[in-house]
1. Name the pairs: first residue in segment 38-54 and under 17 Å from Met26 (Cβ atoms), second residue modelled with pLDDT of 90 or more and not in a helix (DSSP H, G or I), Cβ to Cβ under 6 Å, at least 6 apart or on different chains?
2. Do any helices (runs of 4 or more DSSP H) lying entirely in segment 21-140 carry at least 1 residues that are in contact with a Gly (Cβ under 9 Å, 6 or more places away or on another chain) and among the aliphatic types (A, V, I, L, M), and which ones are they?
3. Report whether or not Leu93 is of a type in the set (A, V, I, L, M, F, W, C), free of Cβ contacts under 8 Å to residues at least 40 places away in the same chain and under 30 Å from Leu45 (Cα atoms).
4. Restricting to segment 56-84, and then to whatever is hydroxyl-bearing (Ser, Thr, Tyr) and free of Cβ contacts under 8 Å to residues at least 24 places away in the same chain, can you tell me which residue is surrounded by the most Cβ atoms within 10 Å (Cβ to Cβ)?
5. Every residue in segment 1-50 that is of a type in the set (Val, Ile, Thr) and either modelled with pLDDT of 90 or more or within 21 Å of Asp61 (Cβ to Cβ) (or both), please.
Amino acid sequence: MNLKNIKVKKFKSNENNFLSTKLGKMVVNRVMQDGKKIKAEKIVLEVLSFLEEVSTENPIDIITLAIKHATPVVEVRTIRIRGANYKVPAPILAKRRISLAIKCIVKNARSTKGIPMKIALRNELFLAYNKQGESMKKKYEMHKLARANRAFTHFRWF
């Protein structure tokens, strides 16, 4: 294999910097399927270039704000006490919040059938950035369930 014949696509420095950040790695690892990391990186880079073309803002800021908007604060955990199951609201640690937000955004983008993943992910990121879409709906449902079960917060220590 001759190295001179291989074409290397040059990306802008901010895109490569995003992939080397902790958040960028989390997004790439969540988009990745069957261990195909290069394909996942390519999808994320194409999403960044789409966002740069469509919007006047920095695409990295759009992604970080979309993840921030889709981040839940409270989750409901099931606890069994004296033979009864209670749904107890509990605060989420910061790392798990970000992980849940990324997971929800990518899952909703993947569930959109008929369009490529790069376009579906871009659309879902835009919706989350504008506080709309399925990922925001899931966040609100989680908070609503936690608010409905706040009477059981005293079971949180069991």
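1. Ala40/Met32
2. Output list reads 37-54, 59-69, 94-111, 117-129.
3. Against the criterion (of a type in the set (A, V, I, L, M, F, W, C), free of Cβ contacts under 8 Å to residues at least 40 places away in the same chain and under 30 Å from Leu45 (Cα atoms)), Leu93 qualifies.
4. Looking at the filtered set, the residue picked out is Thr78.
5. Selection gives Thr21, Val27, Val28, Val31, Ile38, Ile43, Val44, Val47.
The values are calculated or read from the model by the stated rules, or taken from the named source; none is laboratory data. Quantities reported herein were computed from a predicted structural model and do not represent experimental measurements. FYI the Cβ positions are ideal-geometry reconstructions off the backbone, even for glycines, and counts take in every protein chain you see.
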